[in-house]
Amino acid sequence: MPTTLQAYEKALDDLIMGQSVTQVRTANGKTLTFAQADKKGLESKIAQLKRQNRRHRTRTRQVFTSKGL
């Protein structure tokens, strides 16, 4: 089963390839339908999911001790 992000990306691909309507089934079982006019909203949802999935890098600190470790 594809992830939510993959499902939204496939839906956008379907619309780009010329399908007039496509559907996405979410993790909670809802089915969302998107038409050609919904491309911008679909693109923004994909961007939002990508931002949520991005891992934030923690800061690295260099510490000097008196023991030279």
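The values are calculated or read from the model by the stated rules, or taken from the named source; none is laboratory data. Owing to the predicted nature of the structure, the values given are computational and were not obtained by experimental measurement. Glycine also receives a Cβ, built like all others from the backbone with ideal geometry; neighbour counts cover every protein chain displayed.
Any residue that is at pLDDT below 85 and either small (Gly, Ala, Ser) or more than 13 Å from the chain's Cα centre (by Cα) (or both) - is there at least one of those in the stretch 39-57?
Yes, the conditions are met somewhere in the stretch 39-57.
With respect to Thr60, is the statement that it is modelled with pLDDT under 90 and either of a type in the set (Val, Ile, Thr) or surrounded by 10 or more Cβ atoms within 10 Å (Cβ to Cβ) (or both) true?
Numbers: modelled with pLDDT under 90: yes; either of a type in the set (Val, Ile, Thr) or surrounded by 10 or more Cβ atoms within 10 Å (Cβ to Cβ) (or both): yes.
In short, yes.
Within the stretch 1-12, is there a residue that is among the aliphatic types (A, V, I, L, M), surrounded by 10 or more Cβ atoms within 10 Å (Cβ to Cβ), in contact with an Asp or Glu (Cβ under 8 Å, 6 or more places away or on another chain) and modelled with pLDDT of 90 or more? Before you say what the answer is, go through the steps one by one.
In the first step, residues of the stretch 1-12 are kept if they are among the aliphatic types (A, V, I, L, M); the result is 1, 5, 7, 11-12.
Next, only the ones that are surrounded by 10 or more Cβ atoms within 10 Å (Cβ to Cβ) stay: 5, 7, 11-12.
Then drop every residue that is not in contact with an Asp or Glu (Cβ under 8 Å, 6 or more places away or on another chain), which leaves 12.
In the following step, the residues that additionally are modelled with pLDDT of 90 or more were identified as 12.
For the stretch 1-12, residues among the aliphatic types (A, V, I, L, M), surrounded by 10 or more Cβ atoms within 10 Å (Cβ to Cβ), in contact with an Asp or Glu (Cβ under 8 Å, 6 or more places away or on another chain) and modelled with pLDDT of 90 or more: present.
Output the residues belonging to the stretch 2-23 that are more than 17 Å from Gln48 (Cβ to Cβ), in a helix (DSSP H, G or I) and aliphatic (A, V, I, L, M).
Once the filter is applied, which keeps residues that are more than 17 Å from Gln48 (Cβ to Cβ), in a helix (DSSP H, G or I) and aliphatic (A, V, I, L, M), the stretch 2-23 yields Leu15, Ile16.
From Ala35, Ala11, grab the single residue that is in contact with a strand residue (DSSP E or B) (Cβ under 8 Å, 6 or more places away or on another chain) and in contact (Cβ under 8 Å) with a residue 24 or more places away in the chain.
Ala11
Go through the stretch 24-38 and report how many residues are surrounded by 10 or more Cβ atoms within 10 Å (Cβ to Cβ) and outside any strand (DSSP E or B).
Result for the stretch 24-38: 3.
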